[in-house]
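The values are calculated or read from the model by the stated rules, or taken from the named source; none is laboratory data. Computed from a predicted structure; not experimentally measured. Glycine also receives a Cβ, built like all others from the backbone with ideal geometry; neighbour counts cover every protein chain displayed. For the accessible areas, the whole protein counts, side chains as well, though only heavy atoms, and no ligand, DNA or RNA atoms are used. Shrake-Rupley method; radii C 1.70, N 1.55, O 1.52, S 1.80 Å.
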Amino acid sequence: NEEILVLDKGPGVQMHAGGSHGGTTVAQWILAHYPDLALVGGDPLRPGIVHRLDRDTSGVLVIAKTDTSFQALKKIFQDREMEKKYMALVYGHLDVLEGKIDASLIRRPGELKRRAIDAETFQGTLPGNTRSALTYYRVLARYQDYDLVELTPKTGRTHQIRVHLSFLGHPVVGDTLYAFKGAKRKDVPLPARHMLHAMSLSFVPFGEKYHFQSLLPSDFKQTLASLDGTLVSSYDDEAFRSLFEGA
């Protein structure tokens with residue numbers, strides 16, 4: 001509408017230019033289709049962008065089309081009033097089917113990308129570098145060697161879900177940055193990207209509730225289909241079946 005733009009980002013698409021990335025970024029696509037958004041938010045390199053998804057994370061994004069909606073959405077994220085749900089396939093089986101991960105994140109000293117848990121375990125950590133992070137989760141289905149997990153992050157830290165799941169000892173399948181050697185299985189082909197998908201966003205920006213949902217992409221469905229014969233249990237049949245509905 002006049003205030004917001006909602007995108008379904010595919011895997012392998014970067015938010016904005018940086019490093020050795022090739023191909024069209026989300027920011028470039030926005031400017032090509034909505035050039036008037038160049039000044040929204042005050043940063044032409046991130047036109048209207050109020051939150052981000054990692055390059056290989058697929059799913060739903062909301063973009064501000066005006067400065068009014070930019071400030072409103074920014075406040076919703078800051079106040080933790082944006083309800084976000086993700087789907088992840090992880091190595092191994094979580095100890096409990098439903099719980100929360102309350103563990104602060106830091107940027108690892110000397111590394112630009114990688115985040116870690118517990119600042120006190122890394123020498124050289126600067127004061128104020130620690131960021132609180134909270135993620136709720138529930139196991140949706142269990143395979144012989146994997147769990148399919150629905151996640152609700154209450155904070156929006158960089159790599160939060162990926163770091164939290166690795167911290168529990170169950171990193172996201174295909175995550176080359178946070179999956180430790182012992183987590184990987186040789187009998188299942190490694191996906192071309194990590195199996196993490198932003199399923200939905202729900203928020204109330206102007207007195208009206210919005211809810212947007214992104215269907216599970218084909219590569220994620222194909223990965224689950226390859227594991228179908230090893231399905232042990234579905235803990236929410238309706239939610240599990242809905243992942244495979246739609247085009």
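For this structure, a couple of remarks:
- Residue 97 sits among other residues whose Cβ lies under 14 Å from its own Cβ, and their net charge, with Lys and Arg +1 and Asp and Glu -1, is -2.
- Entries in 100/209; 74/209; 9/154 that, when Cα-Cα distance is taken, lie over 23 Å: 100/209
- Proximal charge balance of residue 83 [Cβ under 14 Å; K/R count +1, D/E count -1]: +2
- Listed residues 210, 136 arranged by accessible area, highest first, probe 1.4 Å: 136, 210
- Label zone of residue 231 (point 7 Å out along Cα→Cβ, amide N under 17 Å): in region 160-177 this covers no residue at all.
- Derived scalar couplings ³J(HN,Hα) [region 147-156; Karplus, 6.51 cos²θ - 1.76 cosθ + 1.60; whole Hz; x for Gly, Pro]: 10, 9, 10, 9, 10, 10, x, 9, 10, x
- Zone residues, region 188-227, relative to residue 242, backbone N less than 12 Å from point 7 Å out along Cα-to-Cβ: 199-201, 212-216
- Per-residue accessible area (protein heavy atoms, 1.4 Å probe) orders 102, 79, 56 as 102, 79, 56, starting from the largest.
- Probe 1.4 Å, accessible area per residue of region 9-66, Å²: 46 Å²
- Within the assembled protein chains, the solvent-accessible surface assigned to residue 39 is about 140 Å², based on a 1.4 Å probe.
- In loop segments of region 1-65 as defined by DSSP, there are no trypsin sites (Lys or Arg not before Pro) with at most 11 further C-beta atoms inside 10 Å of their C-beta.
- A crude spin-label estimate for the pair residue 34 and residue 16, with each label 7 Å from Cα along the Cβ direction, gives 1.5 nm.
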